[in-house]
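Please read the structure below before turning to the comments.
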Amino acid sequence: MKRIIITLIIATLLLFGGCISQKSVNFGFARPKFDKVPAEIMAKIVNAGDAFTYPDANSIIIETVDSNIYNEDGSLVAYAYAISKPLTPQGLKNESKVELGYDSQMMDVEILYAGVIHPDSTIEFVPDSEIIDQVASEGMAEMDIYWTNLRKKIVQFPQLYPGDAVVSAYKYTFKKPYFEGVISGSAGFQSSEPIHHNRSVHLIPKSRASQIRYKIMNDSKGWIKFDEYDWQDYHIMVWEADSTPALVPEIGMPSPNQFIPLVLFSNVSWKELSRKAWEVTEPPMLISDPAVTDMVNSLVETCKTEMDSIKTIGLWVAQDVRYIGISLGDKEGITPHDVNETFSARAGVCKDKSALAVAMLREAGFEAYNVLTNPISHIIYDIATNQFNHQIIMARTRSGEEYFLDVTVDLDAQLPEYYSKKGYLVLSEQGEDLKYFPLYGPQKSMGTITAQSRIDPAGNLNSTVKISGNGVYELAIRQIGQFLEKEDRERLFRRLVNQIAPNAHLLNFSIEPENIKDLSIPAEITIEYEVPDYAIPAGDYLLLSVPCAQNTFNITAGVLEEYTKLEERKYPLQFMYTIGANTTETIELPSSYGSKSIPDKLEINNPYFNYNMEYKIEENIVKYRSTLKLMDIDIPLRHYADFRKAYTKYKNAEKGMLFLTREAQ
């Protein structure tokens with residue numbers, strides 16, 4: 001360790017000081033010795049710009065530098081330094097505090113220094129008393145994670161005022177590598193604020209340097225510059241960029257790693273990474289507790305098919321092993337706990353639950369594997385780096401059919417549709433390549449909305465609506481039943497019927513099954529409501545709209561409206577999953593009516609959005625039918641305008657009115 005620190009000090013002089021000169025002054029990783037900031041640095045701060053130069057920015061990142069020193073086993077010491085200038089009240093608030101999260105069993109964090117640079121060039125350093133080390137409880141309890149080793153260091157800066165700048169440096173020391181012998185990483189060169197200078201330095205042992213592959217991504221403008229050279233026992237790789245503008249996010253944009261200029265590097269292939277991860281996850285998966293075997297036998301005893309057995313074991317782990325992170329030993333980094341411990345505790349996070357499910361499936365005679373994935377972000381194939389944040393499982397039947405399950409999801413017996421096009425890596429002894437799940441089309445997540453309605457002679461509407469579905473649509477229904485208290489459900493359904501008409505009254509509602517985790521019974525919402533004076537009678541004429549034509553009860557369709565608010569986009573549009581719904585409503589009228597004017601039949605056949613709708617009048621019955629389908633999760637930028645036009649046409653169809661005339665008796 002001492003050699004590493006000495007090496008870093010020398011390397012810092014070489015990498016950040018250029019030609020070493022006693023006149024060279026700069027911030028770096030060592031706490032500055034000066035009381036007043038040198039004129040050169042003050043000039044950088046003053047000349048960085050202001051709110052007029054960057055009207056959309058809250059802060060300017062004047063300089064950010066990362067330097068990582070790797071050992072041959074893949075462990076590293078990571079240094080970071082940054083100086084920034086807040087421009088707005090929000091920027092002052094954002095820069096007033098820094099939080100550095102870490103896993104104390106995997107790494108140590110040291111705040112090298114932090115301070116505020118005032119316009120008069122004085123620097124006010126943060127005292128140790130304003131640096132707090134505490135358990136990272138915020139946000140963890142909501143996820144049922146209570147690891148005391150998940151911590152954070154909080155740096156509270158002195159009061160900030162316009163014209164101040166903030167400077168800080170810290171060090172992460174990794175006690176062990178995530179995967180033995182793997183040297184990999186990434187560096188991004190754009191953020192939500194403009195960056196004047198961004199530098200990423202990596203010191204690779206010469207013995208590993210020839211194995212490193214890297215790729216610069218998303219840099220059509222050539223912002224990123226690269227240099228490399230040897231120094232002592234290291235091969236040094238440097239990437240840097242100047243004057244990168246802020247990335248302004250858009251609602252519904254794909255993960256930023258598909259757009260920001262970045263560098264990925266690694267000394268392994270995906271197959272090698274798969275094998276390395278297998279070496280980590282495999283040892284704790286040997287069953288030694290007879291109770292685990294007994295449980296497996298009892299679960300599959302009445303199963304008639306292999307698929308039934310796989311689903312039954314997976315669902316038992318999903319529902320009976322609570323998702324909760326508790327301290328069960330010195331294994332909280334990436335290694336799953338011993339499956340016998342997880343079984344006994346009936347508790348664990350994704351890696352623990354997946355490991356137990358795989359072990360139980362193997363005990364039942366199936367070929368089964370742990371699988372790394374990322375359900376919320378795109379995994380870049382080009383370079384094999386650890387871009388994962390979640391673990392699921394894959395089981396293979398004797399005929400070779402593969403079946404994936406997320407055993408942290410206790411309301412779905414199949415892989416949820418939000419895994420569409422997401423990357424995954426099966427962990428095996430021989431190693432597997434990175435693959436991507438297919439697009440799960442709307443037929444896998446269709447809702448069914450049916451309404452039986454009646455209008456009395458006074459024009460009052462009474463209606464019963466039933467909402468059901470499959471896939472992610474049914475999952476949404478079950479989540480309403482699981483996570484919302486009765487009062488919250490009532491507020492939700494009252495809000496829905498009030499969208500039909502402000503004077504609508506919610507009469508009754510229910511969600512079945514009573515045990516929402518019983519997946520053998522289809523989930524269904526029933527809503528009963530009434531609307532006084534809904535239809536407008538005028539002698540022999542009747543004016544009304546069909547309530548379900550407003551798509552109010554299509555509980556997944558709201559995302560369409562939210563994601564199409566922008567008239568123009570800079571980035572493509574991406575949904576989490578495809579959606580669809582079949583909607584029907586019949587309205588019994590007080591007398592027989594003919595159609596004086598009803599909305600025309602409508603068909604929209606955009607490549608990404610399909611919709612058809614039709615009205616019929618048969619004696620005293622109004623019949624409405626529509627089908628909506630979002631065909632893909634990815635809407636390319638060049639097709640967004642047409643997609644939005646198709647959606648707008650669909651929304652306009654909701655406003656259709658029926659003008660009916662009473663038929664002679």
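Values computed for the structure shown
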| item | result |
| --- | --- |
| K466, sole failed condition from (1) surrounded by 18 or more Cβ atoms within 10 Å (Cβ to Cβ); (2) farther than 30 Å from D634 by Cβ | (1) |
| Leading residue by the ranking (nearest to Q211 (Cα to Cα)) among those in the range 72-93 that are buried (at least 18 other Cβ atoms within 10 Å of the Cβ) and polar (S, T, N, Q) | S75 |
| Odd one out for P438 among (1) assigned to a loop (DSSP other than H, G, I, E, B); (2) surrounded by 15 or more Cβ atoms within 10 Å (Cβ to Cβ); (3) out of contact with any helix residue (DSSP H, G or I) (no Cβ under 9 Å at 6 or more places or on another chain) | (2) |
| The range 220-244, residues that are of a type in the set (S, T, N, Q) and over 18 Å from S192 (Cα atoms) | S220, Q232 |
| Options T312, T335; residue that is at pLDDT 95 or above and either within 30 Å of P177 (Cβ to Cβ) or more than 27 Å from the chain's Cα centre (by Cα) (or both) | T312 |
| Entirely in the range 21-137, the strands (runs of 3 or more DSSP E) that have 3 or more residues that are in contact with a helix residue (DSSP H, G or I) (Cβ under 8 Å, 6 or more places away or on another chain) | 59-70, 76-86 |
| In the range 394-410, residue surrounded by the fewest Cβ atoms within 10 Å (Cβ to Cβ) [restricted to those that are over 19 Å from the mean Cα position of the chain (by Cα) and under 30 Å from Q482 (Cα atoms)] | E402 |
| Failed criterion for K215 (all others in (1) part of a helix (DSSP H, G or I); (2) surrounded by fewer than 18 Cβ atoms within 10 Å (Cβ to Cβ); (3) in contact with an Asp or Glu (Cβ under 8 Å, 6 or more places away or on another chain) hold) | (1) |
| Residues being assigned to a helix (DSSP H, G or I) and either in contact with a Lys or Arg (Cβ under 7 Å, 6 or more places away or on another chain) or of a type in the set (A, V, I, L, M, F, W, C) (or both) - total across the range 503-558 | 2 |
| Some residue of the range 469-481 being part of a strand (DSSP E or B), touching a Gly at 6+ places or on another chain (Cβ under 9 Å) and surrounded by fewer than 22 Cβ atoms within 10 Å (Cβ to Cβ) | no |
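The values are calculated or read from the model by the stated rules, or taken from the named source; none is laboratory data. Model, not experiment: these values are computed from the prediction. Neighbour counts are summed over all protein chains in view; Cβ atoms, including those assigned to glycine, are modelled from backbone coordinates with ideal geometry.
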